[in-house]
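For reference, the structure discussed in these notes is given below.
Quick note: the coordinates plus some simple rules give every number you see, no bench work behind them. These numbers come from a predicted model, not from an experiment. Neighbour counts run over all protein chains shown; Cβ positions are idealised from the backbone, glycine included.
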Amino acid sequence: MSLIHLSSPHVSKANATDRVMRLVLIATLPALIALTIFFGWGSLIQVLLACTSALAFEAACLWMRKRPMLFFLRDGSALVTAVLIALAIPPFAPWWVVVIGTFTAIVIAKHLYGGLGNNPFNPAMVAYALLLISFPAEMTQWNAPFVLIGDNWSVLASFTDSLVIIFSSINHGMIDAYTGATPLEVLKHRGGMTTEEVWRNNPVLSQGVFAWYGISAAWLMGGIFLIYRKVFTWHAPFAMITTLFLLSSLFYAGDPSNFADPFLHIGVGATMMCAFFIATDPVSGATSNKGKVIFGIGVGALIYIIRTWGSYPDAAAFAILLMNLSAPFIDHYTQPRSYGHARANRGIGGGK
Amino acid sequence: MNTEYRKISLDGLWHNNPALVQLLGLCPLLAVTGSVVNAIGLGIATTVVLIGSNLTVSLFRRQVPEAVRLPIFVMIIAAFVTAIELLMQAYTYELFLILGIFIPLIVTNCAIMGRADAFASRNPVPAAVLDGLMMGIGFTLVLIILGAMREVLGAGTLFSNMHLIFGEAARAWKITLVEDYRGFLFAALPPGAFVGMGLLIAAKNLIDAKIKHRKELIKDSQAVTTASKRVRIT
């Protein structure tokens, strides 16, 4: 008789992994729909590609590790990782980008560390960071939202043309017609203009920014749905968004011509996705509620610091990975008092 | 005597490999293994220094006072590194420029210091020289494997720029595995070296576990044939 080893928390049926993962998958649907509306069919193709390749890598790893294959394939954790990667990368990135991403996430970041529950880093963010460092050209080629590209939109609106763009290797001349910078990139490379001038002169911000606001709103919807269904608590997302908002307000109030306004920081880039779908990862994040608040504050502060003074326009992946590294430390100092003990076993000398 | 040399060789190449087991000299190992040619260059330089320092340390092992042995070892190693540096500057100038600071830094390579203190200062000259040679080869092989992995993944080529060491004829050794390769920066950057190194160590541990498992199987089968017919059931 083989007993399947499962990692903690050992709770009863109410929050089994497969149910949680299914709810998370449902919660990513608004974002997928929003991305498809504003940026074309690319995201949907990436999601299908990512799910197929992630399941294949997961099955191969489980087979090599002699683990029960169907049981772990059905829990849907590989699918969640795959969908998050697919929705994080540019919708029309070449097919091999997302396949390398799922390989990194499933094989390197998850199974080499011992599989689901044992990974110190969020697999999707490991994959994203690796892709961003390795393929800067492909990973920064976001296409512009439909309002900005006029006639070229017909290409992105056609499913077969989208397939051709993603699967053909020579598309650089073609893709230049409808790629554009993201709002955070525009702000980063503004060449001496004040924030207000960028807002006025750059169509990405003056006309196109609502597309990014729309996507953030979709992530927010999914996140609120998950809090409502008690998949995770509000602590980490709330702490992260509040920290980012307060920090950006502080600097924006001090020098509005130089710094981006707080609503832009909240509304564009990966903020909302990171807050609700990455920072809430039960495996790689902090465990206690107090720990989750500290984790969220750390992520929010790091995102602001890297976005504003770092060399990359967005920072969610790096911020999350750095905080993943600190999560055991945070847990060590925020361990709650357990029943029957007068004091909590935390900090140096804890557990004695 | 023969078995002792055999043990020294096996230790250097496998059981006590400076890179895979002792995890010494990681700084140059991770920094310069972007291509096979860099790996061979640094590997040869390190091996020569190891042999020279082991030889010298072993020769003077009775004259060196215990209390100041480390500074003396450092000076011996530094002398050989300076010689290697000048030699590379004279004969492989381009490679010297590529490897840059990592040639002088061989002085601080813990693998060399470790062998001088742990082995050469306690053993006769022939054993010490053999130890230096085998440790050097073991280190170089790991460098070359890691360099090959990173060159293939990072640039899509193998054995490029070999003329920097082996002369003009070696220019044609370059194998382009993937035409029009876009490059995989992660493998070429230090994080890729860490991941590659981790995979190599994992592979070594896997092979060791397999060997151990096989030996136990053989031992068990022998034990079964020699022991009585009683079978233990658990």
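Taking only the alpha-carbon positions of the protein assembly as shown and ignoring solvent, what does the Debye formula give for the base-10 log of I(q)/I(0) at q = 0.08, 0.11, 0.13 Å⁻¹?
So the normalised log intensities are -0.73, -1.15, -1.31.
If the cut-off is 16 Å between C-alpha atoms, which aspartates and glutamates fall inside it for A:Lys230, apart from same-chain ones fewer than 8 positions away?
Cα-Cα hits under 16 Å: A:Asp18, A:Asp281.
Roughly how crowded by other chains is peptide A:132-139, in terms of the mean Cβ count from those chains within 10 Å of each of its Cβ atoms?
4
Using Cα-Cα distances under 8 Å and only pairs 6 or more residues apart, what relative contact order does segment B:2-216 have, in percent?
32 percent
Can you bin segment B:2-216 into rounded, prolate or oblate? Criterion: square roots of the alpha carbon gyration tensor eigenvalues sorted a ≥ b ≥ c, rounded for a/c under 1.5, prolate for a/b above b/c, oblate for the rest.
Oblate, since a/c reaches 1.5 and b/c is not below a/b.
Any idea how far apart A:Arg22 and A:Leu70 come out in nm if each label point goes 7 Å out from Cα toward Cβ?
1.7 nm
Order these by the 10 Å Cβ neighbour count, fewest first: A:Phe210, A:Phe103, A:Phe295, A:Phe121. Write out the running numbers ahead of the final one.
Numbers: A:Phe210 13, A:Phe103 19, A:Phe295 30, A:Phe121 22.
Result, fewest neighbours first: A:Phe210, A:Phe103, A:Phe121, A:Phe295.
Would you mind putting A:266-273, A:300-307 in packing order, based on average other-beta-carbon counts within 10 Å, highest first?
Ranking the peptides A:266-273, A:300-307 by packing returns A:266-273, A:300-307.
Evaluate Rg over Rh across segment B:1-51, taking Cα atoms for both radii and Kirkwood's formula for Rh. Write out the running numbers ahead of the final one.
Numbers: Rg = 12.7 Å, Rh = 12.1 Å.
Dividing the radius of gyration by the Kirkwood radius yields 1.05.
Whole-Å semi-axes of segment A:212-333's equivalent ellipsoid, largest first, each the root of 5 times a Cα gyration tensor eigenvalue?
Working through the eigenvalues yields semi-axes of 23, 17, 12 Å.
Starting from the Cα of A:Ile33, step 7 Å along the direction of its Cβ; do the same at A:Gln207; then give the gap between the two resulting points in nm.
2.7 nm
Checking the table A:Lys110/B:Lys212; B:Lys7/B:Lys210; A:Lys66/B:Lys204 against a 23 Å threshold on Cα-Cα, which pairs fail?
Among A:Lys110/B:Lys212; B:Lys7/B:Lys210; A:Lys66/B:Lys204, the Cα-Cα distance tops 23 Å for A:Lys110/B:Lys212.
Please find the FRET efficiency linking A:Tyr228 to B:Gln63, where r is the Cβ-Cβ separation and R0 is fixed at 56 Å, and quote it to the nearest 0.05.
Plugging the Cβ-Cβ distance into 1/(1 + (r/R0)^6) gives 0.10.
Which ³J(HN,Hα) values, rounded to whole Hz and listed in residue order, are derived for segment B:43-53 from phi using the Karplus coefficients 6.51, -1.76 and 1.60 in 6.51 cos²θ - 1.76 cosθ + 1.60 with θ = phi - 60°, glycine and proline given as x?
x, 5, 4, 5, 4, 4, 4, 4, 4, x, 5
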